[in-house]
There are 4 protein chains.
Amino acid sequence: MTGLKQAAVVGGTGYGALELIRILENHPFLELTTVISQSEEGNDIGERYPHLQTIRTDSFKNMEAAAACDVIFIAAPAGVASKLIPTLSASKSQIIDLSGDLRLEDSDVYEAWYGLEPPDKAMQQHAVYGLPEVNRETIREARLISNPGCFATAAILGMYPAVKQQLIEPGTIMMDGKTGVSGAGRKMSMMTHFSETNENIKAYRTGAHQHVPEIEEHLGKAAGIQTPVYLQTHLMPMTRGIMVTSYGRLAGSATELQQAYETAYEHEPFTRFRKSGLMPQTKDVYGSSYCDIGVFADERSGTLMTVAVIDNLMKGAAGQAVQNCNIMNGWAEYSGLQMVPQYP
Amino acid sequence: MTGLKQAAVVGGTGYGALELIRILENHPFLELTTVISQSEEGNDIGERYPHLQTIRTDSFKNMEAAAACDVIFIAAPAGVASKLIPTLSASKSQIIDLSGDLRLEDSDVYEAWYGLEPPDKAMQQHAVYGLPEVNRETIREARLISNPGCFATAAILGMYPAVKQQLIEPGTIMMDGKTGVSGAGRKMSMMTHFSETNENIKAYRTGAHQHVPEIEEHLGKAAGIQTPVYLQTHLMPMTRGIMVTSYGRLAGSATELQQAYETAYEHEPFTRFRKSGLMPQTKDVYGSSYCDIGVFADERSGTLMTVAVIDNLMKGAAGQAVQNCNIMNGWAEYSGLQMVPQYP
Amino acid sequence: MTGLKQAAVVGGTGYGALELIRILENHPFLELTTVISQSEEGNDIGERYPHLQTIRTDSFKNMEAAAACDVIFIAAPAGVASKLIPTLSASKSQIIDLSGDLRLEDSDVYEAWYGLEPPDKAMQQHAVYGLPEVNRETIREARLISNPGCFATAAILGMYPAVKQQLIEPGTIMMDGKTGVSGAGRKMSMMTHFSETNENIKAYRTGAHQHVPEIEEHLGKAAGIQTPVYLQTHLMPMTRGIMVTSYGRLAGSATELQQAYETAYEHEPFTRFRKSGLMPQTKDVYGSSYCDIGVFADERSGTLMTVAVIDNLMKGAAGQAVQNCNIMNGWAEYSGLQMVPQYP
Amino acid sequence: MTGLKQAAVVGGTGYGALELIRILENHPFLELTTVISQSEEGNDIGERYPHLQTIRTDSFKNMEAAAACDVIFIAAPAGVASKLIPTLSASKSQIIDLSGDLRLEDSDVYEAWYGLEPPDKAMQQHAVYGLPEVNRETIREARLISNPGCFATAAILGMYPAVKQQLIEPGTIMMDGKTGVSGAGRKMSMMTHFSETNENIKAYRTGAHQHVPEIEEHLGKAAGIQTPVYLQTHLMPMTRGIMVTSYGRLAGSATELQQAYETAYEHEPFTRFRKSGLMPQTKDVYGSSYCDIGVFADERSGTLMTVAVIDNLMKGAAGQAVQNCNIMNGWAEYSGLQMVPQYP
């Protein structure tokens, strides 16, 4: 269609790419012309993914096809994305990287938590951390977006107003993260094997989740106060959804807490604060790009508690990537993202 | 917005109504102005259903609000819908009834299978059975649509080309229906209690499912050949999705079988035939209005087998209702229904 | 069989009672002669619960049948159990109450958290809190056991060695509780409705869970140090299993932490400490009466974290009740409880 | 313990082996001395499978350790088991093979459906098909048992009384098989990947399931009437449980049908017929070795329908293997198998 910008999705066989396809098929200003997968090059998309039969009638392309596109979404694993980006920079494309490669400014921290060689320093500094709620103005001018991690998105949105307004004692933040299995991607492992995961919950990656430094860096920047964070992640017997329940020592009143979140989110298109005092459930945002948040001040025990839920593939990945793209291009921020949460 | 027709959804607290809301929020030619629930009248929709917070800012209305609308979707239980319709007929509204009240032409059959007093005969005869694949031309002229049952939709679409082309011996059709729990609605019962249903499959309503006479009547009309059908329904530990696996004695070749289905569905916007010989899974249509179909001729044992899958709330209810509405109004049949299946 | 003691289960249609039946059918020293349900009196057990067909060939009895039994397990709701016990005290029976009625020594606290009239003070003081790991000697002499709550069992076992050894700062304990749906019993509610709960996680009863005062009282007694506790409970899309992830400010070393738990549990028949540093998953104890525990000292952020898992119907209810019964009668503590966890 | 026979389990890392361990830990006449896994030789069992921590304190052995045992259960994949058996035949051990290698008397049929080189003919003829309900007397004298397949067990038990009593027209049997994911074992594949399988049902291996010839051969022998069978298998979003819903053209009355099943199963310890007319659900046999069966004669459509449910790892594998072992040794048939189904 005339006037549409052309988009490419790189990493076309993973769940992040499939979710991008789901969104972009109905985006009013973007046309998804190019789905790239090195391993599936030349294969029919609709045959490989029968849910796309009659919707995608083209085949997977190789990496060279990306350069001609106006917007390139990279949904490749950490360590791969940062190697692809330099090959694209001659082009004038806008690039949105969904991997963790460009999220940390300190190379040593990246190496320590990812166990990979850090990406080029200049490239990292060029990238803008794409969390619109705290970074919208910078995103507007960016050419290269580093899209936030799924746990990090829920963790930061769930906690930064409290930290910023000094309603929680720094150094006391403990986060309990709960994720559906699709967060682990399509790669097979015993942790994603149905019989091992169904009717089971499991604490994993204790003391070692790579979203911890991301949360510390960007929660600190958003709140203007640096604080260490402990995050324990848990695998849930469900496909989609993340909840981060955050705890800390309360340093303010229930009223101040409500006020801090209302103020922070009243004009946000995708972050919905529950004034009711009720806590959100992951199903409230299923299949959509919303982040729903509830807070509680337990004066009895001196505890502050917040609950933030997202769909890990939407606000935690593809949905947020498209939100960033909309901001970069001056389109209405919700373009292509107006799907109502699927309930039940 | 100027030029949009106004729509009402009646029965606004059930899953059928919630799914209609999900669709109609993004319909290009309809504006959902009115959500009706007698029991919730006056209550805020977004408070009652937090997933709709910020999306619906109005409150539930009572039945009187329906008459002013151009299109009325009735998602009320059997026995209730047929009592509501006469109160609306003074209006010029198009009416789409999602219940089973108007699907059977024989009042005695209705009474025997539903255990309810049959609806007014004239009203029933006025209603058009809204299965577009077999009834599109009549739907175009209709004012009152009887939207098909979820099992019936999958059963008829999965079998009528074979019956019509005489590739199966009449009188030998046995259908194994498998449904997600949302098909039972929001009403609480032990059958929908999580701990009783999770990690469990269950055969239910043996010899007594009210979709049996609906399948027999409308499969017969679609195929031009009347045949009794046996349907055994089973409850699955999942929320959404129906699969009907149909069996019968083979009376043709594998090639004829493929040909019959290709021909029947090649121009259908929502019914996708798998030429590949692979069988569809319910996830291939999750959250969308597609019906995916695969067929197999087992010459070794003389068996014909077909598999049809739908999302019971979409092609099995709300999606098909909107498809019918689009046809009645001369809009593109897929208007508001272009959501890509959610995968995974 | 000669020499067996006779047992009754009161509340025979709930999940706690069903689990007691499952255990007692194979107990070497107890014969389950009497299953009591007021609402089902006279009905055949095997017809009501087909999984018991051919196993139980008797019918539900009324309350009067209990008095003749040597051991009476009461699996009735809070508020009911404490009314039944006085009717039984003329008998010489040992009584094990699975409800929360007798767990709190302070009547005002009971009333505040349960919203019910508190039980008779003398009866409460007569009851022994049946958590063998911290109370074994007192249980040995008891006639009336108050069986711990499911969350409380996992919470106390997961945290008391750390508190006792002063490895955590008092007043900083925050517990994240995650439970399967069977913890809510067979009573129907929207929270236990399959379509609302499947593919969903939900924080519930914020600031108000009745196990909070139970944890505070009995964790305090076990550790010799009183500390307030914050507990946020979450509903998981699974039938069985509880995990309590506990957090607090670290006040010791990783080595001390390991040592505290090894010492506390090395001779316990049902509490298994993971020396490996790996965290347990709920499936490791599925269908068994084990409590598995892992601990972690995050010196980087100054956080202590422990994970405790149980099967809520076993160590969290029926299994622990039988363990208490075994102790009271001087039988091997594992009698009737040697089932291997079901995996997968 | 004195007087116990010694048992070995070969294939100790798969689900069949784990289930054998679960049973044999509590068998009154067998001691599980030896768990064999080539790939895990020397590794601690309790570390590899934390649910067995403190229960198994030994390590995995290699194949040579088997020969000294009185009973050897082989839970290895098809194609492997038949190669192991000759290495054991010098010993006097009783051998129970859980694989499909020895179930088919015709080598060509084996090769056609398994796609593997057929096992030695003499060995196959020496093996007794271990379905006690139809073969008990022969099992009593056997030294080598071929344990039935999971689908085949439910299929044959669900249908043979009807076929034997000529209540169904031969040549019209169509079976709809539904299985939990554990039936596919611990081997990773996209079909057992959580995100692909959860909230999904899928028809698979159309026209090609290797249990088809097994059902035809042994249903034919049991009933005394050979008939082809069509079986369509489906994957369910649950871990354990198989249901086979069988259909065919009715050739008798409802009364004759009830009578045929009552007579066939009235003295069976593990096969329970539902006289009530209600259909069983898989949860009724969860974790136990029961097979529950319900039948229905639909005279309206001329259809006979039966439903048979088992736990695929118990009556469909390990439980039936132990039942066979009990028969071979003259022990009570239910020895070690008296676990009550776990509900919920």
**Asked** Of all residues in region B:168-207, which are touching a residue at least 60 places away in the same chain (Cβ under 8 Å) and crowded, with 24+ Cβ neighbours inside 10 Å?
**Response** B:I168, B:T172, B:I173, B:M174, B:M175, B:D176, B:G177, B:K178, B:T179, B:G180, B:S182, B:G183
**Prompt:** Would you call A:R274 in contact with a Pro (Cβ under 8 Å, 6 or more places away or on another chain) and buried (at least 21 other Cβ atoms within 10 Å of the Cβ)?
**Reply:** no
**Prompt:** Residues in region D:292-310: is at least one in contact with a helix residue (DSSP H, G or I) (Cβ under 9 Å, 6 or more places away or on another chain), part of a loop (DSSP other than H, G, I, E, B) and more than 10 Å from chain B (Cβ to nearest Cβ)?
**Reply:** no
**Asked** For region D:321-340, how many residues meet the condition of being out of contact with any Pro (no Cβ under 9 Å at 6 or more places or on another chain) and within 12 Å of another protein chain (Cβ to nearest Cβ)?
**Response** 3
**Message:** Restricting to region A:294-344, name every residue that is within 14 Å of the chain's Cα centre (by Cα) and of a type in the set (D, E, K, R).
**Reply:** A:D311, A:K315
**Fill in**
Of (1) assigned to a strand (DSSP E or B); (2) not assigned by TED's automatic domain parsing to the domain that holds C:S39, C:A162 satisfies every one except (1)
**Prompt:** If B:Q166 satisfies every condition in (1) within 27 Å of B:A318 (Cβ to Cβ); (2) more than 12 Å from chain D (Cβ to nearest Cβ); (3) out of contact with any Asp or Glu (no Cβ under 8 Å at 6 or more places or on another chain); (4) modelled with pLDDT of 95 or more but one, which is the exception?
**Reply:** (1)
**Item:** Test set (1) surrounded by 24 or more Cβ atoms within 10 Å (Cβ to Cβ); (2) in contact with a strand residue (DSSP E or B) (Cβ under 6 Å, 6 or more places away or on another chain) - B:E133 fails condition number
**Value:** (1)
**Complete:** Filtering region A:115-139 down to residues that are in a helix (DSSP H, G or I), within 24 Å of A:P86 (Cβ to Cβ), without any contact (Cβ under 8 Å) to a residue 24 or more places away in the chain and not polar (S, T, N, Q) yields A:K121, A:A122, A:H126
**Asked** Is region A:29-42 home to any residue that is over 27 Å from A:C150 (Cα atoms) and at pLDDT 95 or above?
**Response** yes
**Request:** Could you list all residues from region D:169-192 that are at pLDDT 95 or above, more than 21 Å from D:G302 (Cα to Cα) and touching a strand residue (DSSP E or B) at 6+ places or on another chain (Cβ under 9 Å)?
**Result:** D:G177, D:K178, D:T179, D:G180, D:V181
**Request:** Check whether at least one residue in region B:152-161 is under 21 Å from B:T206 (Cα atoms), of a type in the set (S, T, N, Q) and touching a helix residue (DSSP H, G or I) at 6+ places or on another chain (Cβ under 7 Å), and report yes or no.
**Result:** yes
**Asked** Of the residues that sit in region A:16-68 and are within 25 Å of B:S289 (Cβ to Cβ) and among the aromatic types (F, W, Y), which one is nearest to the other protein chains (Cβ to nearest Cβ)?
**Response** A:Y49
**Message:** Among (1) over 23 Å from A:M314 (Cβ atoms); (2) under 17 Å from the mean Cα position of the chain (by Cα), there is one condition A:Q259 misses while meeting the rest; what is its number?
**Reply:** (2)
**Asked** Say we look at region D:218-231 and pick out the residues that are over 18 Å from the mean Cα position of the chain (by Cα) and within 13 Å of another protein chain (Cβ to nearest Cβ); which of these is surrounded by the most Cβ atoms within 10 Å (Cβ to Cβ)?
**Response** D:V229
**Request:** Determine, yes or no, whether A:V295 is under 28 Å from A:Q259 (Cβ atoms), surrounded by 24 or more Cβ atoms within 10 Å (Cβ to Cβ) and not aromatic (F, W, Y).
**Result:** yes
**Asked** Since B:P237 meets every condition but one in (1) crowded, with 24+ Cβ neighbours inside 10 Å; (2) outside any loop (DSSP other than H, G, I, E, B); (3) out of contact with any strand residue (DSSP E or B) (no Cβ under 8 Å at 6 or more places or on another chain), which condition does it not meet?
**Response** (2)
**Message:** Among the residues that make up region C:194-201, is at least one of them touching a helix residue (DSSP H, G or I) at 6+ places or on another chain (Cβ under 7 Å), at pLDDT below 95, part of a loop (DSSP other than H, G, I, E, B) and more than 27 Å from C:S99 (Cβ to Cβ)?
**Reply:** no
**Request:** Only residues that are surrounded by fewer than 22 Cβ atoms within 10 Å (Cβ to Cβ) and touching a Lys or Arg at 6+ places or on another chain (Cβ under 6 Å): list them for region D:46-63, please.
**Result:** D:G46, D:T54
**Fill in**
Going through (1) of a type in the set (D, E, K, R); (2) within 20 Å of D:G302 (Cα to Cα); (3) more than 9 Å from chain B (Cβ to nearest Cβ); (4) in contact with a Gly (Cβ under 9 Å, 6 or more places away or on another chain) one by one, D:R249 fails only at (3)
**Message:** So D:Y286 ticks every box in (1) touching a helix residue (DSSP H, G or I) at 6+ places or on another chain (Cβ under 9 Å); (2) among the hydroxyl-bearing types (S, T, Y); (3) closer than 24 Å to B:M174 by Cβ but one. Which box is left unticked?
**Reply:** (3)
**Message:** Please count how many residues of region B:261-283 are modelled with pLDDT of 95 or more and either within 14 Å of chain D (Cβ to nearest Cβ) or not in a loop (DSSP other than H, G, I, E, B) (or both).
**Reply:** 14
**Request:** Restricting attention to region C:24-35, report how many residues are buried (at least 24 other Cβ atoms within 10 Å of the Cβ) and over 13 Å from C:R56 (Cβ atoms).
**Result:** 1
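The values are calculated or read from the model by the stated rules, or taken from the named source; none is laboratory data. Because the structure is a prediction, the values reported are computed rather than measured. Reconstructed Cβ throughout: ideal geometry from the backbone, glycine too, with neighbour counts over all protein chains shown.
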